[in-house]
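Throughout, read-outs are computed from the coordinates displayed, never taken from laboratory work. Just so it is clear, the structure is predicted and the values come from calculations on it, not from any experiment. All Cβ positions, glycine included, derive from the backbone under ideal geometry; neighbour counts span all protein chains shown.
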């Protein structure tokens, strides 16, 4: 199991600060993109990040992109500017997931994953599509803002996915912190990736090192 810091900001400079600080400890990041359509929030956009040299701050990092948008293809066109080796998985919500075959024809260089909102049910998913995807992300909050309330019931989707034959990467995203990690680890079926947002990005400076160490030692103790 690994941690990926999730960066969700409305100001580029703040997001750059978070990246610089956390890149000392993590090499894979999730960039949250919202345009006030699929969710009621607007974040920094991919083009803004390019214009600010965000992706040039440090080399060797991999970026997942969580697209909380109604028109994912528009935003993928911006991600194309980033070298393939620096793009991890592009995560698209179930309600707006495009035709997968056309998606791969248009962007064969990228990997795409499915995002499940709290209301999305595993037994209603297209199993043929699911078998093709390298990643599924389960939202453990109502998406749009960091710091929302953790929804424990969403963790049952990990078991449901595994029991329906999904063997690839499962991520969870939303309100992952010292209070919820014991709940996550109490389940028989656990995620492969913990997307950690405000627990890291909104941490008081004097507490950040302690929080990073907590995540590291907790994950090590479970190996």
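General observations
- Note: relative contact order over region 27-95, using C-alpha pairs below 8 Å and six or more positions apart, is 37 percent.
- Between residue 24 and residue 11, the modelled labels are 2.2 nm apart [label points 7 Å from Cα along Cα→Cβ].
- DSSP beta bridge pairing in the chain, given as percent antiparallel to the nearest 5: 5
- Region 2-221, relative contact order in percent, only Cα pairs under 8 angstrom and at least six apart counted: 18
- Counting other Cβ atoms within 10 Å as a rough exposure proxy, the listed residues 58, 154, 43 run 58, 154, 43 from fewest neighbours to most.
- For region 88-218, convex hull of alpha carbons as volume per residue, Å³: 121
- Segment residue 185-residue 99, extension gain: residue separation times 0.36 nm, minus the distance between their alpha carbons: 27.5 nm
- Cα convex hull volume per residue for the chain (Å³): 117
- Mean projected area of the Cα convex hull of region 1-118, taken over all directions, amounts to 7.4 nm².
- Using the average count of surrounding beta-carbon atoms within 10 Å as a protection proxy, the listed peptides 155-167, 108-120 rank, highest first, as 108-120, 155-167.
- Helices in the chain, meaning DSSP H runs of at least 4 residues, each add -39500 (n - 2.57). Divided by all residues, the mean residue ellipticity at 222 nm is -8500 deg cm²/dmol.
- Two-site FRET efficiency, residue 132 against residue 206, from Cβ-Cβ distance with R₀ of 45 Å, rounded to 0.05: 0.50
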